[in-house]
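Reviewing the structure listed below.
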Amino acid sequence: MYIESKLIEVNETLFSQDFSHDRAPTLIKEEVNIQSYSWLQARCKIQASKGLFIVETFFENEKDITDIFSVSGEYIQISYLGQGDSHLISVKGKKPIGMGRINCCYNRDTVSTIEMPANIPTHYQAVYLSKEYYLELLKNETWVAESSFHKHIVQGDFQEWGACNFPIDYSLYHILSEITKKDWDSDFKKYFLELRLKELFLSLHFCQHKLYSGVGKGITEENLEKIRTAHAYLIENFKNPPTIKSLARKVLLNELQLKKDFKKMYGKTIRSFIIDLRMKKAKSLLGKYTVTEMAAILGYKSVPHFIDTFKKHYGYTPKQGLNQ
């Protein structure tokens with residue numbers, strides 16, 4: 001498996017990784033920064049070992065930028081556009097990648113053209129696995145027998161990009177964030193990643209099952225897609241959430257319909273959902289940051305308000321939580 005990302009307008013290679021030869025057993029970590037242009041900043045975090053490539057990239061560009069993304073060999077791709085308005089360009093035209101959506105594919109020897117428009121920051125995360133790595137990773141997982149995506153891979157039935165995609169949920173968002181982190185001890189990172197990757201594929205299987213089981217019954221198909229997009233957008237932006245009005249504009253729904261269908265779909269109001277996301281994140285930060293730092297990270301301007309919200313949610317204060 002070989003992976004390359006090249007930015008056409010500046011003739012810069014963002015990364016180029018060859019997996020055709022054995023690598024050291026430890027995970028290789030790299031950072032790439034392109035800051036030599038007044039109109040473009042690109043920052044890329046990479047982790048790689050034989051058969052595995054993980055990338056998280058941030059773009060800030062004042063002009064349109066085009067990324068030619070090449071992958072050789074059979075591969076499985078899990079990607080997520082957290083921010084931006086990127087489009088996949090083909091002979092059939094432009095296809096939006098879809099912010100807040102997880103895309104899964106199984107393919108081989110592909111060259112993709114990705115267009116990122118000016119003045120819209122882009123953030124994406126992606127995991128690439130060779131077929132051999134994937135099959136070895138999941139060979140002892142009994143649940144894969146029920147996964148349609150896994151069956152396609154075993155049978156060599158390629159699934160092009162976009163054939164399997166759905167809005168992200170908090171579980172997937174959290175797992176991807178953990179996978180793309182670079183601050184784990186390198187001696188244990190490889191084993192940690194393998195566990196997280198298994199969890200990622202299991203969570204993807206659950207998400208597919210939910211979509212096919214008609215979770216959104218009672219909501220029109222058109223509105224259902226907009227509600228899922230709103231849900232995904234809130235997961236990405238819960239630290240600095242939009243107003244109901246701006247969220248409604250973003251997903252092209254009136255405010256009343258957005259609030260009504262969101263509660264019908266997820267069983268809670270948008271405000272309650274944002275609080276839940278913040279509190280889940282707060283619990284994961286316990287012991288790593290001070291209470292004041294936690295409040296700031298989660299977007300609370302008032303520390304007492306954060307403490308009060310935490311206590312209402314869990315029944316104890318953040319400081320008391322450290323002793324539990």
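Need the failing condition index for LYS260 against (1) of a type in the set (Lys, Arg); (2) modelled with pLDDT under 90; (3) more than 22 Å from MET99 (Cβ to Cβ), just the number.
(2)
For residues in region 176-221 being within 22 Å of GLU30 (Cβ to Cβ) and not in a helix (DSSP H, G or I), which is modelled with the highest pLDDT?
LYS181
Considering only residues that are of a type in the set (D, E, K, R) and under 12 Å from the mean Cα position of the chain (by Cα), which ones fall in region 121-172?
ASP169
If VAL10 meets every condition in (1) touching a Lys or Arg at 6+ places or on another chain (Cβ under 7 Å); (2) at pLDDT 90 or above apart from one, which number is that one?
VAL10 satisfies every listed condition except (1).
Report, ordered by the first and then the second residue, all pairs with beta carbons closer than 6 Å, sequence separation of six or more or different chains, a first member in region 160-187 that is crowded, with 16+ Cβ neighbours inside 10 Å, and a second member that is modelled with pLDDT under 80 and not polar (S, T, N, Q).
PHE166/CYS207; PHE166/LEU211
Considering region 132-157 alone, what residues qualify as being among the hydrophobic types (A, V, I, L, M, F, W, C) and closer than 25 Å to SER49 by Cα?
LEU135, LEU137, LEU138, VAL144, PHE149, ILE153, VAL154
What's the number of the condition LEU129 fails, among (1) over 22 Å from ALA48 (Cα atoms); (2) of a type in the set (A, V, I, L, M, F, W, C); (3) surrounded by 13 or more Cβ atoms within 10 Å (Cβ to Cβ)?
(1)
Would you confirm, using the coordinates I've provided, whether SER36 is over 22 Å from the mean Cα position of the chain (by Cα) and surrounded by fewer than 16 Cβ atoms within 10 Å (Cβ to Cβ)?
Answer is yes for this residue.
What single numbered condition from (1) free of Cβ contacts under 8 Å to residues at least 40 places away in the same chain; (2) in a strand (DSSP E or B) fails to hold for THR110?
It fails just one condition, (1).
So which strands (runs of 3 or more DSSP E) are wholly in region 29-85 and hold at least 1 residues that are in contact with an Asp or Glu (Cβ under 6 Å, 6 or more places away or on another chain) and of a type in the set (D, E, K, R)?
40-49
Taking the residues in region 158-175 that are in contact with a helix residue (DSSP H, G or I) (Cβ under 8 Å, 6 or more places away or on another chain) and under 15 Å from ASP109 (Cα atoms) as candidates, determine which candidate is modelled with the highest pLDDT.
So, considering only residues that are in contact with a helix residue (DSSP H, G or I) (Cβ under 8 Å, 6 or more places away or on another chain) and under 15 Å from ASP109 (Cα atoms), the one modelled with the highest pLDDT is PHE158.
Going residue by residue through region 223-241, is there one that turns out to be on the phi > 0 side of the Ramachandran plot, in contact (Cβ under 8 Å) with a residue 40 or more places away in the chain and surrounded by 14 or more Cβ atoms within 10 Å (Cβ to Cβ)?
no
Among the candidates VAL154, VAL127, single out the residue that is closer than 19 Å to MET1 by Cβ and free of Cβ contacts under 8 Å to residues at least 24 places away in the same chain.
VAL154
Tell me, please, whether a residue that is touching a helix residue (DSSP H, G or I) at 6+ places or on another chain (Cβ under 9 Å), surrounded by 14 or more Cβ atoms within 10 Å (Cβ to Cβ) and either of a type in the set (Ser, Thr, Tyr) or farther than 17 Å from GLY162 by Cα (or both) can be found in region 85-103.
no
Is it the case, given these coordinates, that LEU52 is crowded, with 17+ Cβ neighbours inside 10 Å and touching a residue at least 40 places away in the same chain (Cβ under 8 Å)?
So LEU52 fits the description; yes.
Any idea how many residues of region 261-279 are farther than 16 Å from GLU225 by Cβ, among the charged types (D, E, K, R) and surrounded by 15 or more Cβ atoms within 10 Å (Cβ to Cβ)?
3
The values are calculated or read from the model by the stated rules, or taken from the named source; none is laboratory data. Model, not experiment: these values are computed from the prediction. Neighbour counts run over all protein chains shown; Cβ positions are idealised from the backbone, glycine included.
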